[in-house]
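Structure first, commentary second.
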Amino acid sequence: MAEGDLIPDDQHVLRHVPGSKIAQDGRIDGSAFVRRLDEAGLSVEWRESAGDPAVADQVARIRRTMRRDMRTSHRLAELPVGPTKSKVHEGAAELGLAMDLTFEHAPLEPDGGWPADPYHSEIFGTPEYDDVLARAIGDILASCVSERYSAVE
């Protein structure tokens, strides 16, 4: 697993979601998947790159390296790579767009007191923040969430 490697379709990524983007019933709001102005892609963590142990152990390893201030109200939203790519492609086509997402490994070096994050990855191909379709694509991504994990242990 090296920088720039494509994440296989049978793998999963985790997206940090603050409590403000989680409905009372636990659903993740589509705005959690809208790219910020300064981002080239959506920041995620590649779950399986954290090793072969149980999922709970993979998630725990990722929590320890994420560059976020985690709170009990936050969640890590899991996206299955292949099904997410397919659903976004189909949903975008219904909106008249040709859209193919790329899930790419992008590990981070230690920086500013944060540890290295060998699991960091990015989703490329979503609309820019101010694009009118960014929210619609965000809603499609939110509908792909297969699991929600607490952001803190």
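Each reported figure results from applying straightforward, stated rules to the coordinates on display, with no laboratory input. This one's a predicted model, so the numbers in the text were calculated from it and none came from an experiment. Here the Cβ positions follow ideal geometry from the backbone for every residue, glycine too, while neighbour counts run over all protein chains shown.
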### Task
Could you tell me the largest-minus-smallest coordinate of the C-alpha atoms of the stretch 113-153 on each of the three principal axes, in descending order and whole angstroms?
36, 24, 14
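Starting from the Kirkwood Rh over alpha-carbon pairs, what translational D in µm² s⁻¹ does the stretch 86-138 have by Stokes-Einstein at 4 °C and 1.567 mPa s? Write down the numbers at each step before the final one.
Working: Rh = 12.9 Å.
This corresponds to a translational diffusion coefficient of 100 µm²/s.
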### Summary
For the stretch 30-38, Karplus-derived ³J(HN,Hα) couplings (6.51, -1.76, 1.60; θ = phi - 60°; whole Hz; x for glycine and proline) come out as x, 5, 5, 10, 9, 5, 6, 4, 8
### Query
Using 0.36 nm per residue, how much length does the chain from Ala56 to Glu90 gain when fully extended, once their Cα-Cα distance is taken away?
9.1 nm
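Suppose every Lys and Arg Cβ carries +1 and every Asp and Glu Cβ carries -1, with no other charges. What dipole size does the stretch 25-153 come out with about its Cα centre, to the nearest 20 debye? All intermediate terms of the calculation are to be shown ahead of the outcome.
Working: 15 positive and 24 negative charges, 82 e Å.
Charge dipole of the stretch 25-153: 400 debye, to the nearest 20.
Which value at 222 nm does the chain reach when only helices count, each DSSP H run of 4 or more adding -39,500 (n - 2.57), with the total divided by all residues and rounded to the nearest 500 deg cm²/dmol? Don't skip to the end; give the middle numbers.
Numbers: 3 runs with 35 residues, N = 153.
-7000 deg cm²/dmol, from helical runs alone.
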### Task
May I have the convex hull volume per residue, in Å³, for the Cα set of the chain?
112 Å³
